[in-house]
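Colleague: Take this structure first; my questions come after.
The values are calculated or read from the model by the stated rules, or taken from the named source; none is laboratory data. These figures come from a predicted structure and were not determined experimentally. Please note: Cβ atoms are built from the backbone with ideal geometry, for glycine as well, and neighbour counts cover all protein chains shown.
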Amino acid sequence: MKTTIYLSAILVFATIHVQSQDAKEIVRKADAKMRGEESSYSVMTMKIVRPTWERTIVFKSWTKGTENSLALITAPAKEKGQAFLKRQNEMWNWNPTINRMIKLPPSMLSQGWMGSDFTNDDLLNESSIVKDYTHKIIGNELIEDRDCYKIELIPLEDAAVVWGKIIIWITKNDYLQIKTEYYDEDEFLIKTEIGHDIKNMDGRIIPCRFELIPADEEGNKTIVILDEIKFNQPINDAFFSQQNMKKVR
């Protein structure tokens with residue numbers, strides 16, 4: 001009897017461990033597909049929608065791994081040239097209009113980037129959905145006729161992250177992250193991101209239109225359209241510097 005109980009306990013532990021590893025690997029593959037295994041360069045158009053107004057921002061973005069990212073505003077004219085840098089654990093903003101470099105404190109991670117529903121953390125990839133969370137498959141669902149894993153992400157105790165919980169729907173056959181729900185520490189839903197317009201970009205089938213919808217702000221949303229993307233092109237670490245923020249084009 002003791003042997004049977006012992007073997008059952010081992011099998012349960014092994015099943016939980018394998019599922020955890022599988023969930024993490026699924027998230028890693030989906031993240032790498034959009035971010036690039038080594039680096040990425042993209043051009044995006046962001047439309048901020050409010051009940052009484054709309055505004056559009058165009059920006060370029062460079063990333064290298066999860067440690068380095070740089071975003072450059074190219075339109076509209078009054079914001080053109082603003083740059084945002086994330087290098088390891090530090091974040092910076094360069095504003096050419098006032099000729100000022102500002103270090104962004106951790107308290108600003110959850111603030112809206114350029115007035116949008118995306119946070120500074122979202123756009124600058126400050127946290128890693130692979131490294132900073134535990135992962136668990138909690139179900140399977142159809143999203144727009146696509147069979148998806150439903151995966152729950154809970155932050156590690158020492159992780160400097162914004163969210164108390166994330167739930168991601170990732171397609172089973174091609175690892176597309178097509179729906180994401182973000183929750184606060186009290187597990188209240190804060191916003192939902194949905195990926196649309198799946199097409200081939202630089203040899204990869206990926207969503208090219210993302211809608212971010214706040215849970216409790218009716219009529220508000222932010223739309224991001226991926227106009228161009230290149231994966232795994234060489235980028236020197238020196239590119240991600242305060243000096244380059246002032247001259248990158």
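Colleague: Are there any pairs, at least 6 apart or on different chains, whose C-beta atoms fall under 6 Å, with the first in the stretch 87-104 and in contact (Cβ under 8 Å) with a residue 60 or more places away in the chain and the second among the aliphatic types (A, V, I, L, M) and in a loop (DSSP other than H, G, I, E, B), and if so, which?
Modeller: none
Colleague: Regarding Glu217, is this residue surrounded by fewer than 20 Cβ atoms within 10 Å (Cβ to Cβ) and under 19 Å from Met44 (Cβ atoms)?
Modeller: no
Colleague: OK, next. Just to verify a result, which residue in the stretch 151-166, among those that are part of a strand (DSSP E or B) and buried (at least 18 other Cβ atoms within 10 Å of the Cβ), is nearest to the chain's Cα centre (by Cα)?
Modeller: Applying the filter and picking the extreme gives Ile166.
Colleague: Sort through Glu211, Glu141 and tell me the only one that's of a type outside the set (Lys, Arg), surrounded by 15 or more Cβ atoms within 10 Å (Cβ to Cβ) and modelled with pLDDT of 95 or more.
Modeller: Testing whether each residue is of a type outside the set (Lys, Arg), surrounded by 15 or more Cβ atoms within 10 Å (Cβ to Cβ) and modelled with pLDDT of 95 or more leaves just Glu211.
Colleague: Restricting to the stretch 167-201, name every residue that is within 21 Å of Arg28 (Cβ to Cβ), touching a Cys at 6+ places or on another chain (Cβ under 9 Å) and surrounded by fewer than 16 Cβ atoms within 10 Å (Cβ to Cβ).
Modeller: Lys172
Colleague: Which strands (runs of 3 or more DSSP E) does the stretch 171-249 wholly contain that include 3 or more residues that are closer than 30 Å to Ile98 by Cα and not polar (S, T, N, Q)?
Modeller: Of the strands (runs of 3 or more DSSP E) lying wholly inside the stretch 171-249, those with at least 3 residues that are closer than 30 Å to Ile98 by Cα and not polar (S, T, N, Q) span 221-231.
Colleague: Listed residues Thr74, Thr56, Thr52, Thr66; which is more than 19 Å from Leu226 (Cα to Cα) and at pLDDT 95 or above?
Modeller: Result of the check over Thr74, Thr56, Thr52, Thr66: Thr52.
Colleague: Quick one: in the stretch 105-134, which of the residues that are of a type in the set (Val, Ile, Thr) and in contact (Cβ under 8 Å) with a residue 60 or more places away in the chain is surrounded by the most Cβ atoms within 10 Å (Cβ to Cβ)?
Modeller: Looking at the filtered set, the residue picked out is Ile129.
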